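S.K.: Before we start, here is the structure in question, set down as structure tokens.
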Amino acid sequence: MASETLISPSDSPLNSSKLLDVPATKPPPPPPPHSNRLQSSKWLHRLRAARGFPESDHIDLEHFLSTSVQKIDVTDSPLTRKIPPPDESFDDNGAVQGRDLINNVLSELFHMGEIEDKSRIKRKKSCRKQHCPRICVDIDRLPSSSRLKVKQVTKRVEQEDEEEEEEEKGHSQTEVTVIDTSVPCWKFEKLLYRSKNVWKVGDKKGNGDRKKRVNDNGEDVQKKKKKLKLKLCSSSKYVDKEQAMLLSKSDRMVAVNEKKRDNCSQVQEKSLCKKQIDEGSSVILIKSIPTTNKKNVSGVSNGCVKSMQR
Amino acid sequence: MGPIRGSKKKRKIEFENGFDCGSSEEGSVDWLDELSKRIVGSVSPSKGVDQFESVFKVSRKTFNYICSLVSEPMMAKTTKFVFLNGESMSLNDQVALALRRLSSGDSLIGVANFFGTNHSTVSQVTWRFVAAIEERGLHHLQWPSSEEEITQIKSKFENIRGLPNCCGVIDTTHIMMLLSATDQTIDVWLDRKDNHSMILQVIVDPDMRFRDIVTGYPGKMDDASVLQKSYFFNLSEKGKRLNGNKLKLSEGTEIQEYIVGDSGFPLLPWLITPYQGRELPETKTEFNKRHFATRLVAQRALARLKDVWRMIHGVLWRPDKNRLPRVILACCILHNIVIDMEDDAFDELSLTGQHDSGYRAEVCDMADKKASLSRDKLALYLSGKLPV
């Protein structure tokens with residue numbers, strides 16, 4: 001039964017002349033391997049000729065890469081002009097160098113695995129600019145009073161950085177729209193950071209409202225900061241006053257129950273700490289560095305002078 | 001379904017006259033007559049004012065005032081809203097629709113069927129109204145600015161249960177939500193009663209008027225945290241708020257301006273909370289009683305808010321959490337407008353003290369030394385034991 005249903009390839013209806021007439025189902029006749037080789041080499045030769053490459057039996061890429069430089073050397077191309085005149089020892093080196101050059105160009109364009117970076121073409125150096133540039137002050141050259149202040153500043157900046165990192169690492173973030181009618185601009189886009197029972201509120205990054213950030217009086221914070229910069233350039237009283245206020249505040253808070261204190265007071269203490277960092281800005285302290293050291297700490301004092309002149 | 005040709009123009013003229021008429025009794029009766037024909041359940045002017053108030057939760061007088069308040073921002077945009085029969089909505093229609101949406105607690109489709117329009121129009125009109133009322137009505141919700149106003153408030157609070165120099169009562173409530181299980185921030189909104197909710201913190205005056213609100217924070221936050229994140233807290237800590245005249249209780253004893261709140265808030269010089277614990281001495285028990293009675297104002301105000309503006313009463317189904325705070329603000333402004341207009345409808349509604357049923361009071365044990373002393377003096381003063 002099975003032999004009846006089986007159709008041998010020669011008897012197959014696909015081979016019948018009727019079906020072969022149909023162009024859609026007509027399979028291309030298998031050309032002899034030799035003629036194929038000839039045909040393909042012909043078009044390749046034609047292509048090579050059209051592009052100005054000499055005809056050769058070696059048509060693989062590796063051979064092309066190894067020999068092309070030698071060939072190109074002969075022609076009067078701008079590349080070759082820079083290469084010193086060929087001599088016996090140069091031929092091999094030149095070929096290798098050229099191959100490396102092309103390999104590197106190709107590896108720049110495509111992912112081609114490990115290629116030794118021998119050539120003059122190197123990857124772009126990473127940007128030297130800092131994301132958040134800091135003022136670099138040579139502490140040794142400063143007078144002792146300024147040195148102490150600069151140390152305080154750097155410490156604060158580090159603390160601030162640590163806090164920011166903490167915010168980004170372990171805390172869950174939630175974007176919320178908050179309405180608070182105590183401020184004229186009563187609507188805010190906020191980022192809430194939560195770590196257990198401790199909540200922190202930050203401004204939403206990249207938000208258009210950030211420009212409109214207002215303080216408790218509904219004043220523009222950015223404007224106020226500028227004003228502060230100018231105002232405090234010549235006085236360091238602000239810092240002392242602020243510190244005194246904070247000391248008195250921390251004295252004032254008393255915990256009745258130690259266990260439950262964590263929940264509430266941590267929030268307050270942290271916010272106070274943050275406030276201290278915010279308001280006792282690093283800029284303020286640096287501004288108080290005497291201008292006599294202008295040459296030594298040019299970056300700092302120049303900024304100060306600029307803002308004072310504005 | 002587009003508007004019928006010609007009818008739009010006719011309606012526009014009607015609207016232009018209609019709004020003017022809105023202020024006059026006759027014109028608004030005409031409008032109401034038209035509206036009553038359209039809406040299900042028919043609010044007929046002949047049936048009296050009561051029915052209007054029961055449907056829109058405001059008196060005719062207040063309704064007209066709200067229309068005048070929001071007319072400019074609501075009609076500034078070119079988009080026209082229409083009923084299902086193609087007639088365009090007048091300002092009065094739009095305000096009535098928005099008030100119905102905010103006060104009934106019905107779904108979009110429910111309100112749409114009631115007015116004979118589609119749910120999309122209900123949503124858009126309500127949102128436009130919310131934006132307009134917060135733009136033009138925010139002056140109804142602000143901290144007392146004049147000395148006279150604050151003196152009046154203090155006097156009224158003292159009349160309740162004798163608390164002197166008190167400027168307000170602080171309280172919080174939860175606006176419940178049903179969130180999608182796929183919401184990534186779902187945990188943050190889960191409050192202590194395992195509901196998803198948004199917090200509304202209010203400071204209320206003796207007339208149950210909201211003087212300051214903070215909303216938008218998730219239900220997981222406790223009352224003290226919300227307070228500490230508020231600008232009111234910042235201003236008060238810096239002495240920029242509640243910094244008015246101190247009251248002399250006895251020789252050498254003064255008390256600064258303060259607000260009162262329950263035990264969920266920290267005890268601060270400007271925020272007096274009740275004594276905690278059981279078996280307190282008589283003076284402290286008496287103080288707590290008076291304190292509680294004064295705080296009832298805020299509880300009633302919040303209960304009234306949720307009772308009247310029922311959109312924020314029940315469990316909101318997957319609300320836009322960025323828009324919800326604005327809806328809450330609009331409801332608070334409307335609540336204040338009703339009080340400011342001395343609306344009779346307001347007095348007739350029953351007063352319940354329940355706004356957050358099932359939520360037990362939180363306990364915050366943070367206390368300020370100076371505030372603790374002030375509270376003791378206040379307790380002695382109220383029980384008449386403060387040495388003169």
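The values are calculated or read from the model by the stated rules, or taken from the named source; none is laboratory data. What you see is a predicted model; the values in this text were computed from it and never measured. All Cβ positions, glycine included, derive from the backbone under ideal geometry; neighbour counts span all protein chains shown. Protein only, heavy atoms only, side chains kept; ligands, DNA and RNA dropped before computing areas. Shrake-Rupley method; radii C 1.70, N 1.55, O 1.52, S 1.80 Å.
S.K.: Quickly run through region B:204-234 and pick out the residues that are open to solvent by less than 10 Å² (accessible area, probe 1.4 Å) and at the interface with another protein chain (Cβ under 7 Å from one of its Cβ atoms).
M.R.: Within region B:204-234, B:212, B:213, B:214, B:215, B:216, B:217, B:218, B:221, B:224, B:225, B:230, B:232 meet the criteria.
S.K.: Another one. Could you tell me which numbered condition residue B:342 fails, if it satisfies all but one of (1) closer than 17 Å to residue B:205 by Cα; (2) in contact (Cβ under 8 Å) with a residue 12 or more places away in the chain; (3) surrounded by fewer than 21 Cβ atoms within 10 Å (Cβ to Cβ)?
M.R.: (2)
S.K.: Of these, B:188, B:202, B:214, which one is in the same structural domain as residue B:270 (by TED's automatic domain parsing) and touching a Pro at 6+ places or on another chain (Cβ under 6 Å)?
M.R.: Result: B:188 is the single residue among B:188, B:202, B:214 that is in the same structural domain as residue B:270 (by TED's automatic domain parsing) and touching a Pro at 6+ places or on another chain (Cβ under 6 Å).
S.K.: How many residues does region B:103-125 hold that are under 21 Å from residue B:328 (Cα atoms) and touching a Leu at 6+ places or on another chain (Cβ under 6 Å)?
M.R.: 4
S.K.: Enumerate the pairs (first residue in region B:355-371 and more than 14 Å from chain A (Cβ to nearest Cβ); second residue anywhere and part of a strand (DSSP E or B)) with beta-carbon separation below 6 Å, excluding pairs fewer than 6 apart on the same chain, so at least 6 apart or on different chains.
M.R.: B:355/B:173; B:356/B:173; B:356/B:174
S.K.: Name the single residue, out of those in region B:372-388 being in contact (Cβ under 8 Å) with a residue 12 or more places away in the chain, exposed (fewer than 13 other Cβ atoms within 10 Å of the Cβ) and of a type outside the set (Lys, Arg), that is farthest from the other protein chains (Cβ to nearest Cβ).
M.R.: Across region B:372-388, the extreme among qualifying residues is B:388.
S.K.: Which ones in region B:213-234 are within 21 Å of residue B:146 (Cα to Cα) and within 22 Å of the chain's Cα centre (by Cα)?
M.R.: B:213, B:231, B:232, B:233
S.K.: Shifting gears a bit: Would you mention how many residues in region B:235-258 are under 19 Å from residue B:151 (Cβ atoms), touching a Leu at 6+ places or on another chain (Cβ under 8 Å) and more than 13 Å from chain A (Cβ to nearest Cβ)?
M.R.: Adding up the residues that qualify gives 6.
S.K.: While we're looking at this one, here's another question. Out of (1) open to solvent by less than 50 Å² (accessible area, probe 1.4 Å); (2) in a helix (DSSP H, G or I); (3) of a type outside the set (Asp, Glu); (4) more than 13 Å from chain A (Cβ to nearest Cβ), what's the single condition that is false for residue B:188?
M.R.: For residue B:188, the failing item is (4).
S.K.: Could you tell me whether any residue of region B:296-318 is at positive phi, open to solvent by 20 Å² or more (accessible area, probe 1.4 Å) and in contact with a strand residue (DSSP E or B) (Cβ under 8 Å, 6 or more places away or on another chain)?
M.R.: Within region B:296-318 (the criterion being at positive phi, open to solvent by 20 Å² or more (accessible area, probe 1.4 Å) and in contact with a strand residue (DSSP E or B) (Cβ under 8 Å, 6 or more places away or on another chain)), the answer is yes, since at least one residue qualifies.
S.K.: Give the residues of region B:234-269 that are touching a Lys or Arg at 6+ places or on another chain (Cβ under 8 Å), assigned to a loop (DSSP other than H, G, I, E, B) and not acidic (Asp, Glu), sorted by residue number.
M.R.: Listed by number, the residues that qualify are B:256, B:269.
S.K.: Of the residues in region B:65-107, how many are open to solvent by 30 Å² or more (accessible area, probe 1.4 Å) and among the hydrophobic types (A, V, I, L, M, F, W, C)?
M.R.: Here the count works out to 4.
S.K.: Continuing with this model, one more query. Quick test of your reading of the structure: residue B:150 fulfils all but one of (1) outside the structural domain of residue B:334 (by TED's automatic domain parsing); (2) surrounded by 16 or more Cβ atoms within 10 Å (Cβ to Cβ); (3) among the hydrophobic types (A, V, I, L, M, F, W, C). Name the failing condition by number.
M.R.: (1) is the only condition that residue B:150 fails.
S.K.: Right, here's the next one. Going by what's in this entry, would residue B:199 be described as more than 7 Å from chain A (Cβ to nearest Cβ), within 17 Å of residue A:190 (Cα to Cα) and open to solvent by less than 10 Å² (accessible area, probe 1.4 Å)?
M.R.: yes
S.K.: Taking only region B:153-180 into account, find how many residues are within 18 Å of residue B:255 (Cα to Cα) and open to solvent by 30 Å² or more (accessible area, probe 1.4 Å).
M.R.: So the count comes out to 5.
S.K.: OK, next. Contact list please: Cβ distance under 8 Å, first residue in region B:163-179 and in the same structural domain as residue B:233 (by TED's automatic domain parsing), second residue open to solvent by 10 Å² or more (accessible area, probe 1.4 Å) and among the small types (Gly, Ala, Ser), pairs at least six apart or on different chains.
M.R.: If the second residue must be open to solvent by 10 Å² or more (accessible area, probe 1.4 Å) and among the small types (Gly, Ala, Ser), the pairs left are B:167/B:244; B:176/B:314.
S.K.: Also, quick follow-up: For region B:174-181, indicate whether the set of residues that are facing another protein chain (nearest Cβ under 9 Å) and either part of a loop (DSSP other than H, G, I, E, B) or within 22 Å of residue B:299 (Cα to Cα) (or both) is non-empty.
M.R.: no
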